[in-house]
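Below is one structure, written out as C-alpha cells; comments come after it.
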Amino acid sequence: MTHDAFQTIIGLEVHVQLQTQTKLFCRCSTAFGAPPNTQTCPVCIGMPGALPVMNGKAYQLALRTAVALHCEIPRFTKWDRKQYYYPDLPKGYQISQFDLPMSQNGHLAISDPSGVFEPKKVGIIRAHLEDDAGKSMHDEAASKADSRIDLNRTGTPLLEIVSEPDMRSAAEARAYLSELKLLLMYLDVSDCNMQEGSLRVDANINLHLETSHGKVATPIVEVKNMNSFRAVERALSYEAGRQFELWEERHIQLGGPGGHKTTRGWDDEVQVTRPQREKEESSDYRYFPDPDLVPVITETDHVEEVRRNLDELPAAIRKRLESKYKITSYDTDVIVNQGRDFVDFYVTVAESCGDGKRASNWLQQDVLRTLKEAELSIEEFPVSADSLGDLLNRVSAGDLDNSRAKDVFSRMFNEQESVEEAMSALGIVKVDTSALESLCRELVTANPKVVADVQEGKSQAIGALIGQARKQNSNANPAEVKRICLKIIASL
Amino acid sequence: MSLSRKEIEKVSHLARLQLSDPELDAMTAQLANVVEYMETLSGLNTDDVEPLAHASDISNVLADDILKPSLSREEALANAPKRDAECYRVPAVLGD
C-alpha cells in the first residue's frame, strides 16, 4: 500500500528447503509425502548419544546460493543449538547458526517492467543453514485433545535467507520473492514448492510516519502463515493499513509503552491478520555452539571456484536478451520467468529466424498457450526450436503469412510434421511474384470503386482486394497483395 | 557475579525441570558456585588468543548425500508415551 502519510518498511525471512536426497545431519530421505514417521532415525528424532554429520551436498547448495546472492563467505563458520521445547522438535533444540553464519552482507536486485517501483538492490543480512522441525497435525476428525506428530520432515536442510528491511511496499516484497524464487530455480538448489513447504515466508513490517514532533515508527509486526506470494502481497497491504489506523487511534510507537514486537498470522479466507499466541519465553533460546558438530572452513579459492562455475543467472540473461535480440524488458521478463530451458529454446528460435521480436511474440503467444493447453513443459514440447525457427524464417521471407504459419505450427505440433510436410499437407506453396502480380492487376481492373476510394486517400479500402485475392489463391500473401495493388493503383 | 533465585526459577522452567523449593534453594547456591568458579577465567589475558568454537582441532567433516535405511515406524514410535498407528500423540499444540 502506498500512502502519503506513511512509509511502509518491510524485511523478509525466507526459508528454503535445499534439494538433497538426505537430511542435513543424517541420511534419512527428505522425500515429500511419505507415510508418517517412516523417514526417521536416532539422529533426527533426537535419541541420546546419536551423532549428527553435516550433509556435504547441503553445504554446497547453500554456498552456491549465498555466492549468487553476492554474500561475503567468511572463512570460518559453525553451528549452534537454538533451544526451545515444542512437540515437533524432538531434540529440544534446532541446529542453526547464531553469531558466525556461513554468509552475510549480500544483495538481490529487483525491478518492475511496468515501472510500479524504481529498480533497487535489497540487502541480504545473512543466509544460514539449519535443520527443519517436524509437522504437527490437529486430529479434528477424532475430536480428541491431542495433536499428532510426524517427524519425517525433521532434520531437512533449510537455508534461511534474511533480508534487510529495504522494501517499501507490498509490491516490492512480492517482486523480491519472485526474483529470489527464480534465482533459486536457476541455481537448481530448491524446487521452491510453497504448497509442500519448500519455500516459506515470514515478513517483518512497520511504518515510518512524519508527525509534527518529527519522525516516528510504529511497532514491528512479524506476519506469518502466508502460503503464496499473492497472500504475502495482500497480507502486507492489509497490515500496513491496519497499522496506520491503529496509529491514528492510539499513537503507540516502536519501543514505547506497548510498542514491542508482536506476531500475527494471515487469515487468507477472511483476508485479515490476527494476533498469534507467542511461544512462551520464545526469545530465550540460550544458543551455544553444538559440540557434536565441527566447524566448516571455506577457503577463498573454493568460493571463487563456486562463483566461476555459476551458470548465467536471471539478471544477466535479461540483459543479454534485451541487448542482443532487441526485445522489451517486459518480454524478457516473461521469457526468463519460464526457466532456463525456455530461454535456451527462445535463443535457438531467435538465432535461427534472425528476428528476436518475432520469436518472442511466437513464444509468448503460440508456444506458451500450446504448452499450457497440453500441460507440457518446454523440454517435452514436440516442435524443436530449430524447426520453429525455420517456420518463422519463412514468415520473415514472405513465403507465408502469419495466419497460415499458425496453421502450419498447429500441424507441426499435432501431427509432429516438419515445416515442409505441414506446408505441403496444407497446400501452401509460395506464389511466385509474376503470378501474384497478374492476379493483382486483374483485381485492380475489376474493382474501379476500390481504386477510386484508394485514390481519394481511403487506403483501408484495399482490404477488399486482399480478401478477393485470398479467395482466389489461399497462398497469396496479404502483405504482398497489398503492396503490389497499391503500387499498381499509384501507377494508374 | 551471583545468581538470584529468580534466575534459577527461570532457567529451570526453560529446561522444563520441576524443582521443589528446597531444590531451588540448593540449585541457587550450587550454580552460583559454578558461575563464580568460571568467573576466574575472565581474569586471564586473552588478547592474543583466537576465539574457539570447538574443543577439537578438526573441521569440514562432511558426509555424502547418499540414502541409508531409516528406522521402521514401529521402532521409531517404540518409546513414545502415547501414539496411534502412524504418529506420536502429544497434548494439543495451541497457537498454530
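The values are calculated or read from the model by the stated rules, or taken from the named source; none is laboratory data. Keep in mind that this is a model prediction, so the values were computed, not measured. All Cβ positions, glycine included, derive from the backbone under ideal geometry; neighbour counts span all protein chains shown. For accessibility, only protein heavy atoms count, side chains too; no ligands or nucleic acids. Shrake-Rupley method; radii C 1.70, N 1.55, O 1.52, S 1.80 Å.
Quick rundown of the values:
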read-out: Residue satisfying all of: in region A:134-153; modelled with pLDDT of 90 or more and open to solvent by 50 Å² or more (accessible area, probe 1.4 Å); farthest from residue B:82 (Cα to Cα) among these; value: A:153
read-out: Per-region count, region B:43-55, residues surrounded by fewer than 10 Cβ atoms within 10 Å (Cβ to Cβ) and at the interface with chain A (Cβ under 8 Å from one of its Cβ atoms); value: 1
read-out: Lone qualifier among A:295, A:291 - being open to solvent by less than 80 Å² (accessible area, probe 1.4 Å), out of contact with any strand residue (DSSP E or B) (no Cβ under 8 Å at 6 or more places or on another chain) and either under 30 Å from residue A:78 (Cβ atoms) or at the interface with another protein chain (Cβ under 10 Å from one of its Cβ atoms) (or both); value: A:291
read-out: Only one of B:9, B:86, B:39 that is closer than 30 Å to residue A:37 by Cβ and either open to solvent by 100 Å² or more (accessible area, probe 1.4 Å) or not hydrophobic (A, V, I, L, M, F, W, C) (or both); value: B:86
read-out: Top-ranked residue of region A:203-216 - restricted to ones that are touching a residue at least 40 places away in the same chain (Cβ under 8 Å) and either open to solvent by less than 20 Å² (accessible area, probe 1.4 Å) or not in a strand (DSSP E or B) (or both), ranked as farthest from residue A:175 (Cα to Cα); value: A:209
read-out: Answer from B:70, B:59 - the residue that is surrounded by 10 or more Cβ atoms within 10 Å (Cβ to Cβ), farther than 30 Å from residue A:38 by Cα and facing chain A (nearest Cβ under 8 Å); value: B:59
read-out: Test: residue in region A:103-113 that is under 30 Å from residue A:75 (Cβ atoms), within 14 Å of chain B (Cβ to nearest Cβ) and either in contact with a Lys or Arg (Cβ under 8 Å, 6 or more places away or on another chain) or not small (Gly, Ala, Ser) (or both); value: no
read-out: Strands (runs of 3 or more DSSP E) within region A:1-97 that include 1 or more residues among the small types (Gly, Ala, Ser), under 30 Å from residue A:179 (Cβ atoms) and more than 11 Å from chain B (Cβ to nearest Cβ); value: A:6-17, A:93-96
read-out: Residue within region A:97-108 that is modelled with pLDDT of 95 or more, within 18 Å of residue A:336 (Cα to Cα) and not acidic (Asp, Glu) present; value: yes
read-out: Any hit, region A:370-388, residues being open to solvent by 50 Å² or more (accessible area, probe 1.4 Å), more than 34 Å from the chain's Cα centre (by Cα) and under 27 Å from residue A:331 (Cβ atoms); value: no
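Listed here are the residues, each with its yes/no results for (1) outside any loop (DSSP other than H, G, I, E, B); (2) touching a Cys at 6+ places or on another chain (Cβ under 9 Å).
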residue	(1), (2)
A:113	no, no
A:116	no, no
A:122	yes, no
A:155	no, yes
A:177	yes, no
A:181	yes, yes
A:185	yes, yes
A:189	no, no
